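Since the structure comes first, as structure tokens, the remarks are kept for the end.
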Amino acid sequence: MEQQNHGNRIGKTILVMSGKGGVGKSSVAVNLAVWMAIQNRKTGLLDIDLHGPSIPKMLGMEEQKIFQIEGQMHPAQYRPNLKVMSIGFLLENPDTPIIWRGPAKHSFLQQCIQNVWWDQLDVLVVDCPPGTGDEVLSVVHLLGKIDGAILVTTPQEIALLDVRKCISFCQQLKIPVLGLIENMNGLLCPHCGKKVDLFGYGACQDAAEQFGVPVLGGIPFAPELARTGDIGRPIVQNNPLHPAAQALAACFQSALGNDMPDANESERSMSMKIAVPLHEGRLSAHFGHCSQFAVVEVDPQRKTILHIQLHTPPAHEPGVLPQWLSHLQVGTVIAGGMGQRAQSLFQEKNIRVLVGAPCGTPEELVQSYLDGSLKLGQNVCEH
């Protein structure tokens, strides 16, 4: 049932909470909102962490500002289906601290709920500050109805002590707990693939059973998850095949159940693009001297190729190809060889590069990548 908030029509409201800071709550909130938008849901992301607003940075939106029309603030637009509101957009200097008492916080949050033109949303994701203080109480009061809360923790017992308080908080306020997400759930060894439980194992499941709430899943320790947050490209969008991205998607699916649009509606929005440099129809061993690029659009969830288009690259000069492929919305490049300098230029454009791929057609290489069977060998261009 939709909530009417001063002209806004909000379908569902989901809180993302944690008992303490540093457990990855904002990373989960950002990726949840982006994942929902990719699924063709009209999504809003409200950052109520007034003392540490990290959402603009994690979405690469630090330069955006909020504007007003007829007395109403209009949230920033991240992508067609995602609107974002954060106090970070209103600060002239990001280093300026917010030194407010409870009434001032409540007044600002009241404006975010009542004077922000969200229009029509399928879901509003609220990134809460750690704990159960003034901000969370204000938002619960102002929204009137919360459809569920996702609680983020780590395997450490000290973090689970605090998340128990969040569970009790939700139960007292009659907020359904959709489940727990255990972040930093082990380190996957890059050499053997074995999981190492850095912070222990089993305590999250014990806490969930004690309070009768589900565990949605665990997110592995992944430098890529932190890196994509730092560069403003959430991992579920930037690298959806990464184990951390797939773990997040599985958690979100578990939390929301069948309350999702038909897969056919979002087939195109779920796609990603992979570029393969070609010479005579097969992978070119030397990236900068290829005669064509195959840009392959794929559905990473279904592991299928949707479309292949051939492009003639511009004249080869340093920095030109990364800019050109970024313009074509390419997120990954499969190459035989590429120098370190060129790889760094692609990284600056948030394009992932896989080097040492075998000679093959773009269809063969991309499909093996989707299936997880692509074998990478030696980089033939190490200069």
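Look at (1) surrounded by fewer than 16 Cβ atoms within 10 Å (Cβ to Cβ); (2) farther than 19 Å from Asn350 by Cα and you find that Gln323 fails only one, number (2). When the criteria are applied in full, Gly131 fails the requirement of being touching a Pro at 6+ places or on another chain (Cβ under 7 Å), among the small types (Gly, Ala, Ser) and either part of a helix (DSSP H, G or I) or within 25 Å of Pro234 (Cα to Cα) (or both). Exactly one residue out of Gln292, Gln301, Gln340 is under 26 Å from Val34 (Cβ atoms), in contact (Cβ under 8 Å) with a residue 12 or more places away in the chain and not assigned by TED's automatic domain parsing to the domain that holds Ala247: that is Gln301.
The set of residues in region 363-373 being farther than 21 Å from Gln292 by Cβ and surrounded by fewer than 18 Cβ atoms within 10 Å (Cβ to Cβ) consists of Asp371, Gly372, Ser373.
Taking region 262-304 as the range and being among the aliphatic types (A, V, I, L, M), at pLDDT below 85 and within 13 Å of Cys359 (Cα to Cα) as the test, only Ala285 passes. Of Gly360, Gly331, Gly337, all but one fail to be buried (at least 17 other Cβ atoms within 10 Å of the Cβ), under 16 Å from Ile274 (Cβ atoms) and more than 26 Å from the chain's Cα centre (by Cα); the exception is Gly360. Could you tell me which residue of region 198-213 is farthest from Pro155 (Cα to Cα), considering only residues that are modelled with pLDDT of 80 or more and outside any helix (DSSP H, G or I)? Ranking the qualifying residues of region 198-213, first place goes to Gly212. State whether the residues of region 343-364 include one that is touching a helix residue (DSSP H, G or I) at 6+ places or on another chain (Cβ under 9 Å) and either of a type in the set (Lys, Arg) or not assigned by TED's automatic domain parsing to the domain that holds Val276 (or both). There is at least one residue in region 343-364 that is touching a helix residue (DSSP H, G or I) at 6+ places or on another chain (Cβ under 9 Å) and either of a type in the set (Lys, Arg) or not assigned by TED's automatic domain parsing to the domain that holds Val276 (or both).
Among the residues of this structure, Val177 counts as one that is of a type outside the set (Phe, Trp, Tyr), over 21 Å from Leu50 (Cβ atoms) and either exposed (fewer than 13 other Cβ atoms within 10 Å of the Cβ) or touching a strand residue (DSSP E or B) at 6+ places or on another chain (Cβ under 8 Å) (or both).
Only a single criterion out of (1) touching a strand residue (DSSP E or B) at 6+ places or on another chain (Cβ under 7 Å); (2) surrounded by 20 or more Cβ atoms within 10 Å (Cβ to Cβ) is not satisfied by Ser27, namely (1). Among residues of region 215-244 that are hydroxyl-bearing (Ser, Thr, Tyr), those with a beta-carbon under 7 Å from a residue that is not in a helix (DSSP H, G or I) at least six positions away or on a different chain give the pairs Thr228/Pro234; Thr228/Asn239.
Selection of strands (runs of 3 or more DSSP E) fully inside region 1-120 by the criterion of at least 2 residues being hydrophobic (A, V, I, L, M, F, W, C) and within 28 Å of Gln237 (Cβ to Cβ) returns 8-18, 43-47, 82-86. Identify, please: which residue in region 345-364 is assigned to a helix (DSSP H, G or I) and closer than 25 Å to Gly319 by Cα and is, among those, modelled with the highest pLDDT? Checking each candidate, the answer is Pro362.
The values are calculated or read from the model by the stated rules, or taken from the named source; none is laboratory data. Worth saying up front: this structure is predicted, and the values here are computed from it rather than measured. Note: ideal-geometry Cβ built from the backbone for every residue, glycine included; neighbour counts use all protein chains shown.
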